[in-house]
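Student: Once you've had a glance at the structure underneath, I'll fire off some questions.
The values are calculated or read from the model by the stated rules, or taken from the named source; none is laboratory data. Here the structure is a predicted model, which means the values were calculated and not measured. All Cβ positions, glycine included, derive from the backbone under ideal geometry; neighbour counts span all protein chains shown.
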Amino acid sequence: MLQARKVLARAELGETTHDRYATGYLAAVRAAHAVVVLREPDQPRSRPISVWALLGGAAPELGDWALLFDACSERRAAAEAGVVQVTRHESDLMMTRAREFVGLVGRSLTVVR
């Protein structure tokens with residue numbers, strides 16, 4: 001979770017809408033990864049799987065979040081590659097969602113410990 005918080009802080013300082021969108025998304029990925037590792041630490045993986053697919057199984061209560069961020073995956077990749085323009089509204093919305101998700105995961109993991 002420390003990594004998720006650090007990445008989120010970096011996203012807050014992003015200079016462009018692309019930076020904020022992609023880095024906010026990455027903060028959410030880091031938080032989701034923390035959940036998957038803590039809830040399913042010894043699950044063997046025979047092939048690469050999206051953290052969002054794993055999150056739905058590891059934490060069904062976060063399934064809606066997994067669907068939401070999974071739906072943003074292609075746009076994030078396109079934004080990072082400079083293929084699409086990310087509007088200020090899209091960037092702000094990603095940051096709002098990332099903040100909420102990272103906070104929610106942080107609180108839920110604190111309760112688990």
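Student: Could you please give the count of residues in the stretch 69-113 that are closer than 18 Å to K6 by Cα and of a type in the set (A, V, I, L, M)?
Tutor: Qualifying residue count, the stretch 69-113: 7.
Student: Okay, next question. So which residues in the stretch 78-95 are not in a helix (DSSP H, G or I) and not small (G, A, S)?
Tutor: V83, V84, Q85, V86, T87
Student: Report yes if some residue within the stretch 74-90 is within 13 Å of the chain's Cα centre (by Cα) and either hydroxyl-bearing (S, T, Y) or at pLDDT 95 or above (or both); otherwise report no.
Tutor: no
Student: Further question: Pick from the stretch 58-80 the residues that are within 18 Å of G14 (Cβ to Cβ) and in contact with a Lys or Arg (Cβ under 9 Å, 6 or more places away or on another chain): which of them is surrounded by the fewest Cβ atoms within 10 Å (Cβ to Cβ)?
Tutor: So the residue we want is C72.
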